[in-house]
1. If a residue must be within 20 Å of residue 207 (Cβ to Cβ) and crowded, with 16+ Cβ neighbours inside 10 Å, how many such residues does region 260-282 contain?
2. Of the residues 127, 122, which single one is within 20 Å of the chain's Cα centre (by Cα), closer than 24 Å to residue 246 by Cβ and surrounded by fewer than 15 Cβ atoms within 10 Å (Cβ to Cβ)?
3. Is it the case that some residue within region 163-175 is surrounded by 13 or more Cβ atoms within 10 Å (Cβ to Cβ), in contact with a helix residue (DSSP H, G or I) (Cβ under 9 Å, 6 or more places away or on another chain) and in a strand (DSSP E or B)?
4. Residues of region 57-68 being surrounded by 21 or more Cβ atoms within 10 Å (Cβ to Cβ), more than 12 Å from the chain's Cα centre (by Cα) and outside any loop (DSSP other than H, G, I, E, B), which ones?
5. Considering only region 35-50, how many residues are surrounded by fewer than 23 Cβ atoms within 10 Å (Cβ to Cβ) and not in a helix (DSSP H, G or I)?
6. Considering (1) assigned to a loop (DSSP other than H, G, I, E, B); (2) buried (at least 17 other Cβ atoms within 10 Å of the Cβ); (3) in contact (Cβ under 8 Å) with a residue 40 or more places away in the chain, say which one residue 148 fails and leave the rest.
């Protein structure tokens, strides 16, 4: 599991930061990639990475401001041109369906794959045998969501030495035992998987917030996350400006991370008013509240713990 930041700026693109888009690479987990937001020129940024558009099978839109969605119609069309045929699921606030359907219709764009658009409400929006995905309503000028991607606990490691003591030698049978609750050996012995597995491995939790003001009510939603990606549009001394524009400061994002007990905070959605020589100050502001903080840059990658 790995984050690749395709755009980390706020509002408009700058020379160093494109507008918002984040890829969550799940190649080992499910051979796919999920996209969170799709600002203008997202597909151009993808060209500078190892991401394959055909492997993107879910897109999560935080809110409908242009810097988070204007790249979506172009990406959908390019996915067709590049041979995409597998279905694509899109999740977002009310209005995302109209936006997509209108853009595709007016531009006469015909897709080579099915898209399924889900207009979401707060709560659980998806679950399978690997992940539970939930969303939380934030505090922005328009409807905006944060997403929590929670991996379910995985079976523990196979207790190889215990199997050897039973006379079960390494081979394909080991994989069968891992994959099935009960397996019968050639000698008729029945193996119960739960007797030969170590403790379950705790699943990971990563959270990505759309644009929002600070509020303590968000803390339970991100509690104990391995990674929190949070906007930090403004510096610590711009509290009033952040409030008036429905955004957060570096310090506010860090306080959420600290109070929620997350493992790592990644700041993004940085205003173009801040240049390279301002980044150390922004980072130090956040670190004074939460030490394990990073500021994302375009095309920067962050690996989530194994």
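1. Quick first cut of region 260-282, residues within 20 Å of residue 207 (Cβ to Cβ) only: 260-270.
Cutting the leftovers down to crowded, with 16+ Cβ neighbours inside 10 Å gives us 260, 262-270.
Residues meeting the conditions: 10.
2. On the way: 127 fails: closer than 24 Å to residue 246 by Cβ.
None of the other options fit; the residue is 122.
3. no
4. Residues satisfying the conditions are 67, 68.
5. 6
6. Answer for residue 148: the failing condition is (1).
Per-residue answers, yes or no, for (1) assigned by TED's automatic domain parsing to the domain that holds residue 17; (2) closer than 18 Å to residue 302 by Cβ; (3) part of a helix (DSSP H, G or I):
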{"site": "241", "(1), (2), (3)": "yes, no, yes"}
{"site": "247", "(1), (2), (3)": "yes, no, no"}
{"site": "255", "(1), (2), (3)": "yes, no, yes"}
{"site": "258", "(1), (2), (3)": "yes, no, yes"}
{"site": "266", "(1), (2), (3)": "yes, yes, no"}
{"site": "274", "(1), (2), (3)": "yes, no, no"}
{"site": "280", "(1), (2), (3)": "yes, no, yes"}
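Condition check ((1) at pLDDT below 95; (2) under 23 Å from residue 66 (Cβ atoms); (3) out of contact with any helix residue (DSSP H, G or I) (no Cβ under 6 Å at 6 or more places or on another chain); (4) in the same structural domain as residue 75 (by TED's automatic domain parsing)) across all residues:
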position: 108; (1), (2), (3), (4): no, yes, yes, yes
position: 111; (1), (2), (3), (4): no, yes, no, yes
position: 126; (1), (2), (3), (4): no, no, yes, yes
position: 131; (1), (2), (3), (4): no, no, yes, yes
position: 136; (1), (2), (3), (4): no, yes, no, yes
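The values are calculated or read from the model by the stated rules, or taken from the named source; none is laboratory data. Here the structure is a predicted model, which means the values were calculated and not measured. Cβ: placed from backbone, ideal geometry, glycine included. Neighbour counts: every protein chain shown.
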